[in-house]
């Protein structure tokens, strides 16, 4: 591409739907029969999220916790410590990659990889805007719930492979927790799917668009929609091992849980996967209950706020903002609440969240059938 | 690869790699597992090792192993002069150095039978109570960390910083003061000290309320501590518990009131006890509550001391400090109420030397920790962490 051609290219890029044209052209790009364009397209959100996770997730967590604790947080590297995370990653890259002698090497090495893949595969089905979705599966929601379960395998591999008692405790706790909390989480999301009548994430989002903005969101769809929303939010905290459900990595009890023995880049990968999962569950809750990439602003008379703030680029803005909001809430909770005990956690899941999830499921079904 | 039978644990398959034996697998006895908690563990508050026999997450037995921080305090004492022991006492309970010095000074002064200027006594009480607040702040903050609440810890440390600043101003050191000397003080307090202390008291009162709301009233915190690690009063007395631990079990016992020393009889303060409404008496929450409420009492004591303190005119903090400490032959046991309980010094003098014949420290942490085996039986691992945190040990004092 010559320099002169650039303006012609960049203007349509910013104009809404031509992104679609651009991405479809890229999908068609397959030199020598290799679907390279597909790979690139699917990799873009991953790259974005990786960048987000590394720089803004970790940095944000440190700054937010610092704000809550009367501290400054990172201030040395770059202005306001903006480059702190990059410095940390460079440090972790240089570190010696230690594999304990008594560890099961295969499991030890494969654990973080599986964890990473499990947490990032779900990004494929997250619609980042009306024009941008990695894989528009018609069972997207189901895929997103299911693929997260792969993380359990990674955690178990890491915990067992470390051959460390603390790691084993962490892994066993984690698996018990994630598997248990998938039930209320899954049922809560099913309520959303019932309201939409589809499992396609893109369609779920589209069904929540309208000129009244936030009023079309499924959170306000029925009088009981807040219940599955709340249940999913609590269960998602447990699924991504965030406080107050961070018992698998409870640092004061289990040293660091399943990643006690990890150091260097493997540790960074586990960390990255954790922050990736945080954004993923935040994006899922925004898509199912808060309209995904739809603008929450309503049209007021002649001020067509909703139309002005909708579109593929705006869509990416809205979903990322919504995701960030939930991440902020997660961090807020983490730096405020103590940790539950392992039996209290299970009690909460099986005796509180699951029954209420069933209740909300039935009520949503009744609402969907009898209320036009 | 070969089969071995190590310590009767059944057949174990091992492989030899250079010099170290690598255990691959053994007859998977799934009932019990030995779990070494510490000495390098985040919530053992130092270098304590607990060897836990665990059945799943349930602890069948936890035995504390001590001595990782043993510095031969008592042997050292036999080889230095009486005043030179003061810095060593700082290093016993390093979170409450003033209180340790205070206890030691009382013991030697009892042995020497000297009269202490009144102003010295008041300054001693002020710095000791300030240090008590600092120590309780650490106890409460780290207890929060043990239970997963990180933020209260930093709030506590922020406030503790003011106290350390005040004590540094008075003594020149932040933690290991060497301020309370035998027969007096190293220096008089700076001229504005009382004003600043008053400012701190006014600043700190609302902070305790915030801390109370953030941690003590937190639903999850209460769930984690209420009814955990219950110690009945009679067992606690039999173990020789003291301080907030004993009061947490509902025993109304405070050396500042029951065996008064210094100017404490002139001061008006309450001894907080758990009332059994919020907590079950004797559980972790009771001990935490006692500490939280004691800070308020310490503030009261400090305020009264500032009001009653004689002025600094013509005051020499070293006027009663003996040039050479050589007590008559005899022995003495003096004790003081430290943040962690009763710290007693038993000192024996042969009447000839300027060094003690024997100097034994009766450490409260050590005694409190001895109940670990009873407390931990049948608890979960997270509860064990909660129990250790509630004992509030300082390994410097346990191991000495």
What distance in nm separates the simple spin-label points at residue B:306 and residue B:199, each placed 7 Å from Cα in the Cβ direction? 1.1 nm
Averaged over residues of B:38-49, the number of beta carbons from other chains lying within 10 Å of each residue's Cβ is 2
From fewest to most C-beta neighbours within 10 Å, the residues B:51, B:101 line up as B:51, B:101
For chain B, take the longest principal axis of its alpha carbons; what is the angle in degrees between that and the long axis of helix B:284-308, to the nearest 10 within 0 to 90? 10 degrees
Could you let me know the centre-to-centre spacing of the range B:369-400 and the range A:65-103, using Cα atoms, in angstrom? 33 Å
In what order do B:129, A:182, B:313 fall by count of nearby beta-carbon atoms within 10 Å, going from fewest to most? B:313, A:182, B:129
Label points 7 Å out from Cα along the Cβ direction at residue B:226 and residue B:63: separation in nm? 3.7 nm
Gaussian network model of chain B, springs between alpha carbon atoms under 10 Å - residue of B:373, B:323, B:360 with greatest fluctuation: B:323
Can you give me the C-alpha center-to-center distance between the range B:336-359 and the range A:217-279, rounded to a whole angstrom? 53 Å
Average other protein chain Cβ within 10 Å of Cβ, residues B:148-157: 6
Per the helix-only model, chain B has a calculated mean residue ellipticity at 222 nm (DSSP H runs of ≥4, -39500 (n - 2.57) each, divided over all residues, rounded to the nearest 500) of -13000 deg cm²/dmol
Got a sec? How would B:66, B:48, A:337, B:147 order by Cβ neighbour count within 10 Å, fewest to most? B:66, A:337, B:48, B:147
Set the Förster radius R0 to 25 Å, insert the Cβ-Cβ distance between residue A:149 and residue A:263 as r into 1/(1 + (r/R0)^6), and round the FRET efficiency to 0.05. 0.40
To test your reading of the geometry: what angle, between 0 and 90 degrees and rounded to tens, separates the Cα axis of helix B:193-211 from the longest principal axis of chain B? 30 degrees
Using alpha carbon centroids, what distance separates the range B:188-219 and the range A:105-180, in Å? 47 Å
Averaged over A:338-347, how many beta carbons belonging to a partner chain fall within 10 Å of each residue's beta carbon? 6
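Each reported figure results from applying straightforward, stated rules to the coordinates on display, with no laboratory input. This structure is a prediction, so every number in the text was calculated from the model and none was measured. Methodologically, a virtual Cβ is constructed for each residue, glycine included, from the backbone with ideal geometry; neighbour enumeration extends over all protein chains shown.
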